[in-house]
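Derivation of every value follows stated rules applied to the coordinates shown; laboratory data play no part. Small disclaimer: the values here were computed from a predicted structure and weren't measured. As a convention, Cβ positions derive from the backbone with ideal geometry for all residues, glycine included, and neighbour counts pool all protein chains shown.
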Amino acid sequence: MTRDGAHDRPLLVAVDGSYTNGTVLKNLPGQTTIVGRIRRDARLHPRPTPEEMKGRGRTRRYGLSVVTPEGVRQDQEIEWQTAPIYAAGKIHEMRYKTVGPLLWRSAGADLPLRLIVIAPLAYRLSKKSKILYRYPAFLICTDPDLSVESVLKAYVSRWDIEVNFRDEKQLIGFDEAQVRTPNSARNAPALAVAAYALLLLAASRAFGVNGLPSAIPPPKWRNPRAKPRASTADLMNHLRFELWGKAIAATNFSHFVNHSTPPTTREKHLPNLATTLFYAQQRA
């Protein structure tokens, strides 16, 4: 970031629990804030009080009391708060508790952290079933002054990264290249990621961030409700249409989607190249 002239631009990174460790937290680049999951039994400490600093021996860097994420969740003296967070197509009132600044021995005494406990989400399998609850989430943020709402939005938005990985592996073929030389092992994944990025960038410029391609009418079995945005499979299907549509002279798909009066005798369905290419897409 500094090399590209963006040394003053902050970077907020959301990671899972495998990256929330001392090796990562002790070597953060400048202007970088990490939001990551932490174990429910992690031992955190407040800063030492002036009374705890007194006495002989080495200067104390951690407070004597111990704070655990699960203990904060069960602590009745810490009140639950709410924040409006957009997720899954609507705004949710997310309940949370927060404590900070705290110190974690794995990260060192020079890195103050903010602990955020997200309450379990209630849901029903059906309208008449009993209420069930998901597991709570425990987060730490390396910037104690960052607003809790910003931290929660970053954590919820991390799901798009998982969708990114799935699309690159299942649709783009990120991990399917059969290569043997070191150069090919580096270049093949880079090419797949670049192709994926170009596809998303071209779609954003052509249809907008949440726009949908409309060159190919949706088939009759597709849910009639409009999607909030196009999936990677939709964009790849539209790209095939732009590249191959003229070559196979498939300029009209109205016979495939329009309703018509069924004939008295069963129609014999013949193989259709355009239907095979543009409607037999992978699920994503």
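Rounded, prolate or oblate: pick one for segment 95-219, where a ≥ b ≥ c are the square roots of the eigenvalues of its C-alpha gyration tensor, a/c under 1.5 means rounded, and failing that, prolate if a/b is larger than b/c, else oblate.
Working: a/c = 2.16, a/b = 1.38, b/c = 1.56.
In terms of gyration-tensor shape, oblate.
Once you list every other residue whose beta carbon is under 11 Å from the beta carbon of Asn210, what net charge do they have if Lys and Arg are +1 and Asp and Glu are -1?
Spelling it out: positives minus negatives among the neighbours equals +2.
Loop only by DSSP, 12 or fewer other Cβ within 10 Å of the Cβ. Give me the trypsin sites (Lys or Arg not before Pro) in segment 127-200 that pass, ordered by residue number.
Those that pass, being in a loop and sparsely packed, are Lys127, Lys128, Lys130, Arg134, Arg180.
Past the 19 Å Cα-Cα mark, which pairs from Lys26/Lys54; Lys90/Lys227; Lys90/Lys153? Don't skip to the end; give the middle numbers.
Details: Lys26/Lys54 28 Å; Lys90/Lys227 14 Å; Lys90/Lys153 13 Å.
Check vs 19 Å cut-off fails for Lys26/Lys54.
Could you list the trypsin sites (Lys or Arg not before Pro) in segment 38-100 that lie in coil according to DSSP, counting only those with at most 11 other Cβ atoms within 10 Å of their Cβ?
Those that pass, being in a loop and sparsely packed, are Lys54, Arg56, Arg58.
For Ser18 and Ser150, what is the calculated FRET efficiency with R₀ set at 22 Å and r taken between the beta-carbons, to the nearest 0.05?
Efficiency, rounded to the nearest 0.05: 0.45.
Any idea how far apart Thr59 and Ser204 come out in nm if each label point goes 7 Å out from Cα toward Cβ?
Each label point lies 7 Å from its Cα, and together they span 4.6 nm.
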